[in-house]
Amino acid sequence: MTSPRQLYRRADDWARGLSRVRYALLTGIVASASVLGVGVVLDTSTTVYAVTMGVTMAVVYYATDANAADD
């Protein structure tokens with residue numbers, strides 16, 4: 001069985017291998033799903049907030065290129 005640390009490392013390596021656009025979109029989708037999931041659990045209407053958070057995170061990650069290798 002694979003340990004959680006190994007699973008994290010494989011997922012991290014996969015994410016770092018994505019292009020700038022795909023990494024930004026992945027971040028936006030994860031942020032939207034997370035905010036929406038928490039909103040459903042807390043029984044609040046957060047659809048607009050979740051979409052806004054996802055778009056904002058995607059734009060920020062694309063603009064800052066957080067996945068770039070430091071030279």
- Message: Kindly evaluate Arg20 against the criterion of being in contact with an Asp or Glu (Cβ under 6 Å, 6 or more places away or on another chain) and surrounded by 10 or more Cβ atoms within 10 Å (Cβ to Cβ).
- Response: yes
- Residues that are open to solvent by 80 Å² or more (accessible area, probe 1.4 Å), at pLDDT below 85 and under 18 Å from Trp14 (Cα atoms), drawn from segment 26-71: Ala69, Asp70
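The values are calculated or read from the model by the stated rules, or taken from the named source; none is laboratory data. Just so it is clear, the structure is predicted and the values come from calculations on it, not from any experiment. Counting neighbours? That spans all protein chains shown, and the Cβs are built from the backbone with ideal geometry, glycine included. Note: areas computed on protein heavy atoms with side chains; ligands, DNA, RNA excluded. Shrake-Rupley method; radii C 1.70, N 1.55, O 1.52, S 1.80 Å.
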